[in-house]
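Contents: one structure, followed by commentary.
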């Protein structure tokens, strides 16, 4: 017998309990165990160790249970805040895109009207559309710089988190 046969037998012994073995592998393993006392002893020891582990009751200490529960709660709060932030970002994106489209359209119409009444070429007015498309994003950036990050986060995200928490209860 080669070392590969023993390695294959060891792998099949370990897989036999939790997984169904292919009929060919099962037949090979049974034949190998009949002819190899080392692998047969390994199978016996392996099965005995498994029975011993299944028979031993493992009890977590109250401190471990409390710490685990606290960490699970912290993680749940964190995930709720992340979800609230995601909703806030999605709303902000949609609102920004809508405001950009409206302000760009308004400048296009207003700029064309001004160009017509003043006698300017539309080539002078058209670059202003880009400015008005970016104007809502610039305004939001200025507002975010003007107000501290913690004020925005604690009030808006906290309100969204409490709202979701209230719905689930």
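Checking residue 52 against (1) without any contact (Cβ under 8 Å) to a residue 12 or more places away in the chain; (2) surrounded by 15 or more Cβ atoms within 10 Å (Cβ to Cβ), only one condition comes out false. Which one?
Among (1) without any contact (Cβ under 8 Å) to a residue 12 or more places away in the chain; (2) surrounded by 15 or more Cβ atoms within 10 Å (Cβ to Cβ), the lone unmet condition for residue 52 is (2).
Residues are listed down the side, and each one gets a yes or a no for (1) over 22 Å from the mean Cα position of the chain (by Cα); (2) exposed (fewer than 12 other Cβ atoms within 10 Å of the Cβ); (3) assigned to a helix (DSSP H, G or I):
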position: 66; (1), (2), (3): yes, yes, yes
position: 74; (1), (2), (3): no, yes, yes
position: 83; (1), (2), (3): no, no, yes
position: 89; (1), (2), (3): no, yes, yes
position: 93; (1), (2), (3): no, yes, yes
position: 101; (1), (2), (3): yes, no, yes
position: 110; (1), (2), (3): yes, no, yes
position: 124; (1), (2), (3): yes, no, yes
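For residue 66, indicate whether it is assigned by TED's automatic domain parsing to the domain that holds residue 13 and without any contact (Cβ under 8 Å) to a residue 12 or more places away in the chain.
No: the conditions fail for residue 66.
Somewhere in segment 80-101, is a residue over 25 Å from residue 137 (Cα atoms) and assigned by TED's automatic domain parsing to the domain that holds residue 134?
Looking through segment 80-101, at least one residue is over 25 Å from residue 137 (Cα atoms) and assigned by TED's automatic domain parsing to the domain that holds residue 134.
The values are calculated or read from the model by the stated rules, or taken from the named source; none is laboratory data. Note that this is a predicted model, so its numbers are computed, not measured. Glycine gets a Cβ as well: all are built from the backbone with ideal geometry, and neighbour counts include every protein chain shown.
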